[in-house]
Amino acid sequence: MPIVNRVADLQPDIQAWRRDIHEHPELLYDVHRTAGFVADRLKEFGCDEIVTGLGKTGVVGVIKGKKPASGDIKVIGLRADMDALPVQEATGLPYASKTPGMMHACGHDGHTAMLLGAARYLAETRNFAGDAVVIFQPAEEGGAGAQAMIKDGLMERFKIDQVYGMHNGPGLPVGSFAIRPGPLMAATDSIDIIIEGRGGHAAQPHKCIDSLLVGAQLVTVLQQIVGRNVDPLESAVISICEFHAGNARNVIPQTATLRGTVRTLTPKVRELVEKRVREVVAGTAQITGAKIDLTYTRGYPVTLNHAEQTEVALRAARDVAGEANVHEMPPMMGAEDFSYMLEARPGAFIFCGNGDSAGLHHPAYNFNDEAIVYGTSYFIKIVENTLAA
């Protein structure tokens with residue numbers, strides 16, 4: 001039976017799984033209910049091997065094709081993320097989150113359900129040669145769950161040759177895909193700054209070192225790094241998003257705290273920005289006389305699509321959606337911990353249209369169930385095209 005027809009038949013089940021997961025969001029590594037739900041479904045489908053607890057709460061299922069692979073590529077990994085966000089849902093849906101302060105505001109419920117749908121189809125048909133490994137990952141939202149699974153031996157244990165991931169894309173029409181080779185999403189680093197000045201009376205600033213003024217200078221000067229140190233043909237973002245200082249209108253505060261994020265698309269620019277941030281902070285401390293402590297923390301690396309595997313992804317997307325509905329996209333400055341998997345193995349990450357929905361991480365966001373057939377079929381096509389029986 002053609003893929004699209006069979007997946008259309010499965011759509012009601014996949015939608016029901018998605019909505020069940022949506023009602024019961026869980027954060028970071030604390031995805032025990034979701035992981036249990038996934039493992040139960042994989043068992044029902046007849047997966048040849050099911051492993052739980054990888055990367056703390058990750059789940060992996062192995063589905064063997066009709067015959068062993070004869071080519072160089074024997075095992076394909078397909079990944080979905082399971083965790084939600086600490087956001088209060090504002091959709092008013094009948095299947096809205098039942099947990100106050102948590103919701104699937106990024107569509108990981110949809111990603112998990114679509115990969116479950118693909119697993120069910122692949123286990124039924126087994127129309128490929130080799131192994132399909134379905135990877136359900138915790139803690140994408142800031143917890144580096146992909147890295148944790150890799151450290152637990154994900155790639156070696158299951159002998160994964162290539163790995164593919166997918167994310168829904170609000171604003172991208174349902175039934176379409178978007179991808180590009182090379183840098184797709186940014187590296188993300190964190191800046192934490194604590195300024196120790198000399199507090200005092202607002203009427204006697206000459207006796208103080210104004211931590212608030214020092215913080216304001218830092219915010220301004222840090223912005224100049226992108227404008228005056230980074231090549232205009234390269235990309236970088238520095239955003240200081242927290243500034244805490246003072247609690248009275250007539251007291252110059254003793255301390256101030258700044259927190260922010262850095263986004264870059266190449267290792268060279270990442271190194272440059274970190275170097276300049278450190279120099280700017282040190283220079284500001286020297287000029288103002290304040291003591292400034294900087295903690296600069298490296299986060300997720302660049303999500304870098306491999307050229308050959310991007311072509312594999314393009315072929316699968318075109319098979320599902322038609323050539324006119326598969327687009328090349330510009331890089332995004334958001335981050336994604338699938339980047340760790342792409343450092344460990346060749347692969348590609350693609351966006352699947354979510355239609356005219358609220359944006360990711362918004363309280364009114366909802367995964368579009370109309371995208372299920374396309375995303376599920378894409379996962380299946382990756383396996384059947386790459387491991388042709």
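The numbers here are math on the coordinates, done by the rules we state, and not lab data. Since this is a predicted model, take the numbers as computed values, not measurements. Backbone-built Cβ (ideal geometry, glycine too); neighbour counts: all protein chains shown.
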Listed peptides 161-169, 26-34 by packing density, highest first (mean Cβ within 10 Å): 161-169, 26-34
Orientation-averaged projected area, Cα convex hull of segment 307-389 (nm²): 6.7 nm²
Applying a 10 Å radius around every beta-carbon, put 228-236, 297-305 in order of their mean neighbour count, most first. 297-305, 228-236
If each DSSP helix of 4+ residues adds -39,500 (n - 2.57) and the sum is divided by the residues in the chain, what number results at 222 nm, nearest 500 deg cm²/dmol? -11500 deg cm²/dmol
Tensor-based shape of segment 342-385 (alpha-carbon gyration tensor, a/c under 1.5 rounded, otherwise prolate or oblate): oblate
Relative contact order (%) - segment 61-206, alpha-carbon pairs under 8 angstrom, separation at least six: 34 percent
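Classify segment 187-298 as rounded, prolate or oblate from the Cα gyration tensor: take a ≥ b ≥ c as the square roots of its eigenvalues, call it rounded if a/c is under 1.5, otherwise prolate when a/b beats b/c and oblate if not.
prolate
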Work out how far the C-alpha atoms of the chain reach from end to end along every principal axis, then list the three figures in whole Å, largest first. 81, 43, 39
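Where Lys and Arg each count +1 and Asp and Glu each count -1, what net charge lies around Val174 among other residues with Cβ under 12 Å from its Cβ? Spell out each step's value before the answer.
Working: positive: none; negative: Asp356, Asp369, Glu370.
Result for the neighbourhood of Val174: -3.
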With 27 Å as the limit, write out which pairs from Lys64/Lys151; Lys268/Lys381; Lys98/Lys151; Lys56/Lys98; Lys43/Lys151 have Cα-Cα distances beyond it, or answer none. Lys268/Lys381; Lys98/Lys151
May I ask for the net charge around Val230, where only other residues with Cβ less than 13 Å from the Cβ of Val230 are counted and Lys, Arg are +1 while Asp, Glu are -1? +2
For the chain, share of DSSP beta bridges that run antiparallel, in % to the nearest 5: 65 percent
Counting pairs of alpha carbon atoms under 8 Å apart in space and at least six apart in sequence, what relative contact order in percent does segment 187-298 give? 43 percent
The summed charge of the Arg315 Cβ neighbourhood (under 13 Å; Lys/Arg +1, Asp/Glu -1) stands at -3
If you average the sequence gap of Cα pairs under 8 Å that are 6 or more apart and divide by the length of segment 269-389, what percent do you get for the contact order? 28 percent
Peptide ranges 193-206, 45-58 listed from the most packed, as the mean C-beta count within 10 angstrom indicates: 45-58, 193-206
Mind checking which lysines have their C-alpha under 18 Å from Lys291, skipping anything on the same chain fewer than 8 residues away? Lys207
Hey, what angle do you get for helix 32-45 against the long axis of the chain, alpha-carbon based, 0 to 90 degrees rounded to 10? 20 degrees
